[in-house]
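Peer 1: Dumping the structure here so I can ask a few things about it.
The values are calculated or read from the model by the stated rules, or taken from the named source; none is laboratory data. As the structure is a computational prediction, the values presented were derived from the model and not from experiment. Methodologically, a virtual Cβ is constructed for each residue, glycine included, from the backbone with ideal geometry; neighbour enumeration extends over all protein chains shown. When the accessible area is computed, the model is the full protein with side chains, heavy atoms only, and any ligands, DNA or RNA have been set aside. Shrake-Rupley method; radii C 1.70, N 1.55, O 1.52, S 1.80 Å.
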Amino acid sequence: MSMKTKNNSLWLVLIVAAFAVITIGLAFIANKPSKEAATSQAKNGMQVFTKLAKAKKFDAAKVKELKVEELKAGNGDVVAETDTIKANYTGWNAKGVIFDSTKKSADAPLAPIEFQLSGVIPGWTKGLAGKKVGGIYKLTIPADMAYGNQAPTADSSGPLEFVVEIISKK
């Protein structure tokens, strides 16, 4: 084999190897999840239970008072602060990280919880009182009406947002 043939073969191998490395790198970059997608779901796979809302970042400094947004009107009984309700919910922090949900993963069924409305954080008590069963509501809660200095985790401290579906009341 001549020297020229060996050099041509070497160049061909180097070009094919470079092409393979570039292709693998581009495939990796194309399949890498975006930072926004990573923050919309908690590390443990929890998800927002409804398509009416998405867990996304919000400006914590602008959350000065309780804000309630009706995403879906309810048609049932009106809920009082003293009622026990059954609900689906998802909660996230200002970074858009979900810290709790009745939808624990994409494949898991909803697992609604039952609780006395007066026994939860004040933002839920005040935000859901007067709302109707069957409704879905987005609550933006300042830190002093959420967990305040007694947050169970770092992800649940500061102002929070929740989407809550009131399923029933007792």
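Peer 1: As an exercise: evaluate Gly25 against (1) modelled with pLDDT of 65 or more; (2) open to solvent by less than 50 Å² (accessible area, probe 1.4 Å); (3) more than 19 Å from the chain's Cα centre (by Cα) and give the number of the one condition it does not meet.
Peer 2: If we test Gly25 against (1) modelled with pLDDT of 65 or more; (2) open to solvent by less than 50 Å² (accessible area, probe 1.4 Å); (3) more than 19 Å from the chain's Cα centre (by Cα), just (1) comes out false.
Peer 1: What's the total number of residues in region 123-140 that are outside any loop (DSSP other than H, G, I, E, B) and under 15 Å from Val79 (Cβ atoms)?
Peer 2: Result for region 123-140: 10.
Peer 1: Next question. Can you tell me which residue is farthest from Pro142 (Cα to Cα) among those in region 59-76 that are in a strand (DSSP E or B) and of a type in the set (D, E, K, R)?
Peer 2: Filtering region 59-76 for residues that are in a strand (DSSP E or B) and of a type in the set (D, E, K, R), the one farthest from Pro142 (Cα to Cα) comes out as Lys72.
Peer 1: Please indicate, with yes or no, whether at least one residue in region 91-109 is of a type in the set (Ser, Thr, Tyr) and in contact with a helix residue (DSSP H, G or I) (Cβ under 8 Å, 6 or more places away or on another chain).
Peer 2: No, the conditions are met nowhere in region 91-109.
Peer 1: For a quick check of your reading of the model, give me the residue pairs whose first member lies in region 115-138 and is within 24 Å of Ser157 (Cβ to Cβ) and modelled with pLDDT of 95 or more, whose second is small (Gly, Ala, Ser) and open to solvent by 20 Å² or more (accessible area, probe 1.4 Å), with beta-carbon atoms closer than 8 Å and at least 6 apart or on different chains.
Peer 2: Leu117/Ala80; Leu117/Ala129; Thr125/Ser118
Peer 1: Follow-up question, since we're still on this one. So which residues in region 85-98 are in a strand (DSSP E or B) and open to solvent by 40 Å² or more (accessible area, probe 1.4 Å), if there are any at all?
Peer 2: The one that is in a strand (DSSP E or B) and open to solvent by 40 Å² or more (accessible area, probe 1.4 Å): Lys86.
Peer 1: Among the residues of region 141-170, count how many are assigned to a loop (DSSP other than H, G, I, E, B) and open to solvent by less than 40 Å² (accessible area, probe 1.4 Å). Don't jump to the end; show me each part of the working.
Peer 2: Applying the first criterion (assigned to a loop (DSSP other than H, G, I, E, B)) to region 141-170 yields 142, 146-147, 151-153, 157-159, 170.
When the remaining residues are screened for being open to solvent by less than 40 Å² (accessible area, probe 1.4 Å), the result is 142, 146, 151, 158-159.
The total comes to 5.
Peer 1: Any residue at all in region 61-80 that's modelled with pLDDT of 70 or more, surrounded by fewer than 14 Cβ atoms within 10 Å (Cβ to Cβ) and over 29 Å from Gly134 (Cα atoms)?
Peer 2: yes
Peer 1: When the residues of region 99-118 are filtered to those that are in a loop (DSSP other than H, G, I, E, B) and under 13 Å from Glu165 (Cβ atoms), which remaining residue is least open to solvent (accessible area, probe 1.4 Å)?
Peer 2: Thr102
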